[in-house]
1. Here are some conditions: (1) part of a helix (DSSP H, G or I); (2) surrounded by 10 or more Cβ atoms within 10 Å (Cβ to Cβ); (3) modelled with pLDDT under 80. Tyr77 meets all but one. Which one does it not meet?
2. Can you tell me which residue in the stretch 10-39 is surrounded by the most Cβ atoms within 10 Å (Cβ to Cβ), limited to those that are closer than 27 Å to Leu51 by Cα and among the acidic types (Asp, Glu)?
3. Name the residues in the stretch 34-48 that are of a type outside the set (A, V, I, L, M), under 16 Å from Ala59 (Cβ atoms) and without any contact (Cβ under 8 Å) to a residue 24 or more places away in the chain, would you?
4. Just wondering, is there one or more residues in the stretch 3-21 that are among the hydroxyl-bearing types (Ser, Thr, Tyr) and either modelled with pLDDT under 65 or within 18 Å of the chain's Cα centre (by Cα) (or both)?
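The values are calculated or read from the model by the stated rules, or taken from the named source; none is laboratory data. On a predicted model such as this, the values are computed, not experimentally measured, just so you know. Cβ atoms come from the backbone with ideal geometry, glycine included; neighbour counts cover every protein chain shown.
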Amino acid sequence: MIFFIETTLDHIESEMAKRGVTQELIEEIRSLPETNMLRDIEAISKVGGDLEFRNSDGATPVIILLPSFLLPFYVCYKFQTVEA
């Protein structure tokens, strides 16, 4: 059984390499939603927009992301929570 799994994984890795699929590409694609959200927040911040706007679920983009993700964009923000 283990031999079959290793053989299968080797085949998959070989096919991925033939097609130019790297671990870096996989990680880049997985992080696209967060990357896009960070770009949106940076754009909103640059024009002085409202970083506290809420979507239909009541979530704000800033609450969703960790503050450490905002540091490279020099975004200052004071978090407020909403009591249910």
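1. Unmet for Tyr77, out of (1) part of a helix (DSSP H, G or I); (2) surrounded by 10 or more Cβ atoms within 10 Å (Cβ to Cβ); (3) modelled with pLDDT under 80: (1).
2. Step one: list which residues in the stretch 10-39 are closer than 27 Å to Leu51 by Cα, which gives 28-39.
Next, only the ones that are among the acidic types (Asp, Glu) stay: 28, 34.
Values: Glu28: 11, Glu34: 13.
Among those that are closer than 27 Å to Leu51 by Cα and among the acidic types (Asp, Glu), it is Glu34.
3. Filtering the stretch 34-48 down to residues of a type outside the set (A, V, I, L, M) leaves 34-36, 39-40, 42, 45-46, 48.
Now restrict to residues that are under 16 Å from Ala59 (Cβ atoms): 34, 36, 40.
The answer is Asn36, Asp40.
4. Within the stretch 3-21, the subset among the hydroxyl-bearing types (Ser, Thr, Tyr) is 7-8, 14.
Filter once more, so that each one left must be either modelled with pLDDT under 65 or within 18 Å of the chain's Cα centre (by Cα) (or both): none.
No, the stretch 3-21 contains no residue that is among the hydroxyl-bearing types (Ser, Thr, Tyr) and either modelled with pLDDT under 65 or within 18 Å of the chain's Cα centre (by Cα) (or both).
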